[in-house]
Amino acid sequence: MSTERTEKLEAVQAVVDRVSSWQDGATESTVASELRKGAGEVGVDLTEAEIEKLADAIESRHGAVSATDVLSS
């Protein structure tokens, strides 16, 4: 895995961890909005498909979510 991809995934994981820690029970659209906001804050571009996958995982799992696992599936 390239250094750039690793750094992107680490930044995305930090956003996912932050959003999932305080968004328990939030709607998927709220989670998606917060993911977009967080990605923008850390300077990472995520596609709408990636945002949707991550938001769905956060909403449905109510626990730790691996950005690497979600985005590679």
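The values are calculated or read from the model by the stated rules, or taken from the named source; none is laboratory data. As the structure is a computational prediction, the values presented were derived from the model and not from experiment. Glycine also receives a Cβ, built like all others from the backbone with ideal geometry; neighbour counts cover every protein chain displayed. Just the protein is used for accessible areas: all its heavy atoms, side chains included, with ligands, DNA and RNA removed. Shrake-Rupley method; radii C 1.70, N 1.55, O 1.52, S 1.80 Å.
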Quiz item: Which residue pairs have Cβ atoms under 6 Å apart, sit 6 or more places apart or on different chains, and have a first residue in the range 41-69 that is modelled with pLDDT under 95 and a second that is surrounded by 10 or more Cβ atoms within 10 Å (Cβ to Cβ) and among the charged types (D, E, K, R)?
Solution: VAL44/LYS8; ALA55/GLU28; GLU59/GLU28; HIS62/ASP24
Quiz item: What's the number of the condition VAL12 fails, among (1) in contact (Cβ under 8 Å) with a residue 24 or more places away in the chain; (2) open to solvent by 20 Å² or more (accessible area, probe 1.4 Å)?
Solution: (2)
Exercise. Please find, within the range 52-73, the residue that is nearest to VAL19 (Cα to Cα) out of those that are surrounded by 17 or more Cβ atoms within 10 Å (Cβ to Cβ) and of a type in the set (Val, Ile, Thr).
Key: ILE58
